[in-house]
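Chemist: If you scroll down you'll find the structure; I have some questions about it.
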C-alpha cells in the first residue's frame, strides 16, 4: 500500500497530547493546507482562529463544563463558515479535513473538538468571538486540536460497511 | 516536501475525464477511506450512492439543466447525511474529503459536484432517491466525481490568505 493511502487509513482521533508546542513552520503548513481546500465557486467561505495560548484554551474548556476537553493539545483551531455562502458548512468541513491530513502528513495527531461550536455560537460569548478576530457573519462549525499524540492509534473498530449502494 | 503534503497541496478540482472506468479495487479503496472517516460520537451518519452507470449519470445531469455537468467522469458518488445525527453535514463532508484524498493517493482526480444535492433533495425526485437505495431520513450533501483526469492541474490562484487569526 502506498504511504498516502496508509495516512488516510491510519488517521485516528487522539485524545492525549504532549505539551510540546507546534513550530511556526508546522502552523504554516496547516494554514497552507486550509487555504488550498476546494470550495463551491471558489468562495473560500472560511475563517480559522488558531489558539496557541493555553490559558485561553482552558477558558474555552471551562465555558463548556463538564465536557469541554481539549486533551492537553498545544493548539486548538476553531473553524468558522460564512453564513451566506453557497456551501459554507461543507466547504469549511472539508478545509478542516485538509488541516487534519496536513497534520497527519507531519506525523502529528488531531481530534475534532465539536463542543467549541457551542461556545462560539452562544450569543452570551459573542465578545469572545469578536476578541478572537472572527469577522461578522461567520458561524463556528467545529474546532480541531493538533499536537504530538501520546496514544497508540487504535485499530478502527465498529465501522459501518452497509453504507453504500453501487449502481452499475 | 514529503509526498503526503504534496498530495494535499496539489489537489485541484478537475473538470475533464477519460472514459476509462475505475477498477473494482479502486472503488473498494474509495469505500474503505469513507468508512474510516471521523465522526461525532462515532455515529458515521453517512450513506453513499456510487453510480458507475453512465445512463443514470446523464439522467441526473439532465434533471439539472443547463448546469448539471459531471464532466464525463466514469463515477459519480452522491453523499447523504442522516438528518438527526449530531453533526451530519460536517461528518459527511469530511468523509467526502476522505474519498477525494483516497482518489488523489491513487493518482486519480476529482471534482465536487454540488448540483447533485439539488436533484436528490428535490421532493419531485424522491422516487429516484429511493431507487438508488438511500435509506429514509438521509439528505444529500453533495456529489463528487472521480476518474482519470484529462487536465493539467492548474496552480492554485486567488487563494485567500487573510483567513486566520492567531492567538499566541
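Chemist: Place a point 7 Å from the Cα of residue B:118 along the Cα-to-Cβ direction; which residues of region B:73-92 have their backbone N under 11 Å from it?
Modeler: none
Chemist: For residue B:43, place a label point 7 Å from Cα along the Cα-to-Cβ direction in every copy; what are the distances to the other copies, in nm, shortest first?
Modeler: For residue B:43, the inter-copy label distances come out at 2.3 nm.
Chemist: Something else about it: Within region B:56-70, what residues put their amide N at less than 16 Å from the label point 7 Å along the Cα-to-Cβ vector of residue B:19?
Modeler: B:56-59, B:70
Chemist: So how far, in whole Å, is the C-alpha centre of region A:93-168 from the one of region A:41-72?
Modeler: So the separation of the two Cα centres works out to 10 Å.
Chemist: While we're on this one: Distances from residue B:162 to the same residue in each other copy, label points 7 Å out along Cα→Cβ, in nm, shortest first?
Modeler: With the label placed 7 Å along Cα→Cβ, residue B:162 yields 5.2 nm.
Chemist: Please work out the Kirkwood hydrodynamic radius for region A:34-100, using every pair of different C-alpha atoms, and report it in angstroms with one decimal place.
Modeler: It is 13.0 Å.
Chemist: Obtain the nm distance between the two label points defined at residue B:154 and residue A:42 by a simple spin-label model: each point lies 7 Å from its Cα along the Cα-to-C-beta direction.
Modeler: Using points 7 Å along Cα→Cβ, the separation is 0.5 nm.
Chemist: Using only DSSP helix segments of four residues or longer, with each worth -39500 (n - 2.57), what per-residue ellipticity at 222 nm results for the protein assembly as shown after dividing by its residue count and rounding to 500?
Modeler: -10000 deg cm²/dmol
Chemist: Something else about it: Taking each label point as 7 Å beyond Cα in the direction of the beta carbon, state the distances from residue A:128 to the same residue in the other copies, shortest first, in nm.
Modeler: 4.4
Chemist: Normalized C-alpha radius of gyration of chain B, against 2.2 N^0.38 Å?
Modeler: 1.07
Chemist: Can I ask one more? To two decimal places, what compactness ratio does region A:63-160 give when its Cα radius of gyration is scaled by 2.2 N^0.38 Å?
Modeler: Cα-based Rg divided by the globular estimate yields 1.17.
Chemist: Between B:90, B:106, B:41, where does the largest GNM mean-square fluctuation fall for chain B, given springs only between Cα atoms within less than 10 Å?
Modeler: B:41
Chemist: Taking 7 Å along the Cα-to-C-beta vector as the label spot, tell me the residue A:67-residue B:84 distance in nanometres, rounded to one decimal.
Modeler: Here the answer is 1.8 nm between the modelled labels.
Chemist: Calculate how large, on average over all directions, the projected area of the Cα convex hull of the protein assembly as shown is; give the answer in nm² to one decimal.
Modeler: The orientation-averaged projected area of the Cα hull of the protein assembly as shown comes to 16.5 nm².
Every read-out reported here was derived from the displayed coordinates using simple, explicitly stated rules and does not represent laboratory data. In this text, all values refer to a predicted model and were calculated from it rather than measured experimentally. Here the Cβ is made from the backbone with ideal geometry for all residues, glycine too, and neighbour counts use every protein chain on show.
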